[in-house]
Amino acid sequence: MDQIMQGTNGSTESPAASGRPASGGGDANPMRKIIIMVGVAILVFLGVTTFSVQKSVQSSGQLSAIKDLYFPVLQKIESNMVRLDKMEELFMRAVMLGDNDPLDEELGFFQQGDKDFADMAEIYPEQAKEIARLRAEFKQYQDLAHATAVALNNKDTNIDAQKMNKLLGELRVSIKKFREASYGNFVQTLADSQSTVKLNLYMGIALGLMNLCFMGVLVFFIRNNVNMMAVIAEQNATLELRVAERTSQLRQKTNDIQAMLENMPQGVLTVLPGGVIHPEYSAYMETIFDTKDIAGKTLMDLVFTNTSLGSDALSTVEVAVGSVIGEDSMNYEFNSHLLVTEFDKTMSNGDVKSLELSWSPITDDNDTVEKLMLCVRDVTELKRLASEAGAQKRELEIIGEILGVSQEKFGEFIDSAKKFVAENTEILQKTPQKDMDAVGLLFRNMHTIKGNARTYGLLNMTNTVHETEQVYDELRKDPEKVWEQESMLAQLAEVDALLDEYHKINDVKLGRKGPGRRGSVEKFLMVEKDQVTRALELIKAAKAADAQAMANALHEVDQTLSLIGTEKIDHVLAGILESMPSLAKELGKEPPKISIEDHGIVIRTQIVGLLKNVFTHVFRNSMDHGLETADVREAAGKSAAGHIRLNLSIKDGRLQFKLGDDGRGLAVAKIRQKAIDNGLIPADGNTPPEEIAQLIFASGFATAEKVTEVSGRGVGMDAVKGFLQREGGDVAIHFTDNTVADMRPFELVITLPEKFAAHLAA
């Protein structure tokens, strides 16, 4: 710098003395400066241009990734989600329709879905391993669901529906996680591309400004140099052309990104500090929220108004959003669980949409959350389809329950339950105000329906009846409980409707019409074939002259005819006896041994329904209160499994049933204390044990310490006594020992008129 200054301004020589033209020195100095400035300008321009080109290449690569990678992958993911829902629907149709046409259609869906997974692996090799896993889960679900549907169509009930549903749920979660990860990468790439485009735009503007400055400087220095002006003008034109080309490229790329946002079938927006929505968002947001007024609005106003969320939840979301923006990404990880992911929103036209939300942080180089990206998905239709699938699933469950019960037993249950419901309906219609006698009868009838439903494994019916039973139970126990006649009638109507649904499925979809084997006594004669044959042979062998032989034959025929419309007691109680192992398992006990001695006595068909209702209660009471668990029995020197005995006899013109077990016996002391507490007997202790024992038949009397699905509500023995007395019968407790103890062995003695029984021929 010093040398330059001396060579120009520091010399003491005059122009003449130096021997150089006066103008030569003046022209050389500006020209050199121009050359230097041009050189510097060219270097700066080349540097900036190179940097801009690099960023353009980067932006082009990002846009290509969006176009060639993320869009195809996301589209195929969504296609497979929809295809998975359709496959589930087809499996349901295959089961319900009973043919394989839907399965053929489902195979096409699976093949296309499998191809999409294979295409995704080629497009997205970085995630090939994860896609292969999803493809395997997809194949596993298709195989299991297809096999299940085929098995059900072949009336094979030995299936694992729970496993299929679990596998479907896991597959949906896996695909959803992959979709969210892919979408997060897409949005991040999109954001990076936008930043690059903006930077290139700014670089173009900077180049333009540099060009203007450069032209100004040149104008100052080229007043005496036309040739240099021409060169500069040419360079300026070149620069302007390059800037225009680059600006055009940047504008085109910006338009491409905007087109993507306009056509993307997904709601995407970003949340800025203060909860304000960024002006750039996907056009689908306007479709979801039925408004174009989005930019500049707050997140809470746009997304979270008129939702199913409570004020506390809304406040939590607002605080969580405000606390993560501008903070380290770790803070987002700590608070992300506070950001709701699903709710219902009422739109301005009154429609209710189910929305699914996915949150992602957008961070800077310092891992600070600059803004939040929110993806919104309208899942209203998907939820509707899921609801329909749920109804179909419930129907399949009912079908499975019905198939586990014989046609005869199912018909008997429906007839019995219908009678109890009709009786309860009549009671409610005639009782506008609370009446404890009516409550007791309502409760006994509903408890009997539930017991029979549980006996036959009709779980959907059991759960519905249980809810109705609970209302009656509260009326019994709570004096302040209000008698709501209309509400109880409506609830009873729901039980009746469910009975009709069971009956319709059994008759229409399963084709099991009619009463089954037993039918009615008017159509079927329930008599052993060998007995009829023997009576006919006696008549044929008897001679008209042999009065005694003819009398014996007629007696045999009369006895055979008396057996019309009768059944053995073990046939009558078959359904109850078959349910005992499952009841024992539910109570944590070993399945009991059950012995029946009928002594040749058979039961009239007209009393079969009564006996089923009665013995449903007494057998369940014996299992729950009488027989102990295996460890308790073994500690007492008994076998692990209990023993229940039933003995039939006819005595003094009465049909008599004696039921006993080898359990702990009757808790006389506990019954006495309970009766004293309830004011049923005096506390002087003089009440005989025989009288105390009969208190278990009192309405609402129970000694159970806790209420279970099996017993403990104080209704079982009350119901038994009520059922029997309607038909002229009774029930009582008879002790089988003479000791004085807190626990005493006993027999339950049930009696009915002799007309309900007959003797088999010896």
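The values are calculated or read from the model by the stated rules, or taken from the named source; none is laboratory data. None of the values given here were measured: they were computed from a predicted structure. Here the Cβ is made from the backbone with ideal geometry for all residues, glycine too, and neighbour counts use every protein chain on show.
Some notes on this structure:
Here is a yes/no grid of residues against (1) on the phi < 0 side of the Ramachandran plot; (2) surrounded by fewer than 17 Cβ atoms within 10 Å (Cβ to Cβ); (3) of a type in the set (Val, Ile, Thr); (4) touching a Phe, Trp or Tyr at 6+ places or on another chain (Cβ under 9 Å):
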position: Glu597; (1), (2), (3), (4): yes, yes, no, no
position: Gly600; (1), (2), (3), (4): no, yes, no, no
position: Gln606; (1), (2), (3), (4): yes, yes, no, yes
position: Asn621; (1), (2), (3), (4): yes, no, no, no
position: Glu628; (1), (2), (3), (4): yes, no, no, no
position: Asp631; (1), (2), (3), (4): yes, yes, no, no
position: Ala635; (1), (2), (3), (4): yes, yes, no, no
position: Lys651; (1), (2), (3), (4): yes, yes, no, no
position: Gln656; (1), (2), (3), (4): yes, no, no, no
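- In region 285-302, the residues that are free of Cβ contacts under 8 Å to residues at least 24 places away in the same chain and of a type in the set (Asp, Glu): Glu286, Asp293, Asp301
- Number of positions in region 470-484 that are under 33 Å from the mean Cα position of the chain (by Cα), surrounded by fewer than 20 Cβ atoms within 10 Å (Cβ to Cβ) and within 17 Å of Arg444 (Cα to Cα): 3
- Residue match in region 429-437 (condition: over 20 Å from the mean Cα position of the chain (by Cα), in contact (Cβ under 8 Å) with a residue 12 or more places away in the chain and part of a helix (DSSP H, G or I)): yes
- Considering residues of region 106-148 that are among the aliphatic types (A, V, I, L, M) and closer than 30 Å to Glu397 by Cα only, the residue surrounded by the fewest Cβ atoms within 10 Å (Cβ to Cβ): Ala136
- Residue list for region 406-427, filter: surrounded by fewer than 20 Cβ atoms within 10 Å (Cβ to Cβ), within 23 Å of Lys477 (Cα to Cα) and not β-branched (Val, Ile, Thr): Glu423, Glu426
- Pair list, Cβ < 6 Å and 6+ apart or interchain, from region 485-506 residues that are crowded, with 18+ Cβ neighbours inside 10 Å to residues that are of a type in the set (Gly, Ala, Ser): Leu499/Ala417
- Any hit, region 360-374, residues being over 30 Å from Ser329 (Cα atoms) and polar (S, T, N, Q): no
- Some residue of region 660-667 being part of a helix (DSSP H, G or I), more than 39 Å from the chain's Cα centre (by Cα) and in contact (Cβ under 8 Å) with a residue 40 or more places away in the chain: no
Table: residues versus (1) of a type in the set (D, E, K, R); (2) in contact with a Leu (Cβ under 8 Å, 6 or more places away or on another chain); (3) modelled with pLDDT under 90.
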position	(1), (2), (3)
Leu561	no, no, yes
Asp570	yes, yes, yes
Met580	no, no, yes
Arg604	yes, no, yes
Leu610	no, yes, yes
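- Test: Lys371 is among the basic types (Lys, Arg) and over 20 Å from the mean Cα position of the chain (by Cα): yes
- His617 out of contact with any strand residue (DSSP E or B) (no Cβ under 7 Å at 6 or more places or on another chain) and surrounded by fewer than 19 Cβ atoms within 10 Å (Cβ to Cβ): no
Quick grid of which residues meet (1) at pLDDT below 85; (2) surrounded by 14 or more Cβ atoms within 10 Å (Cβ to Cβ):
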site	(1), (2)
Ile232	yes, yes
Gln235	yes, yes
Arg251	yes, no
Gln266	yes, yes
Val271	no, yes
Val276	no, yes
Leu299	no, yes
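- Residue pairs meeting the criteria (Cβ under 8 Å; at least 6 apart or on separate chains; first over 23 Å from Leu666 (Cα atoms) and in the same structural domain as Thr751 (by TED's automatic domain parsing), in region 603-619; second assigned to a helix (DSSP H, G or I) and acidic (Asp, Glu)): Val608/Glu412; Gly609/Glu412; Gly609/Asp415; Lys612/Glu412
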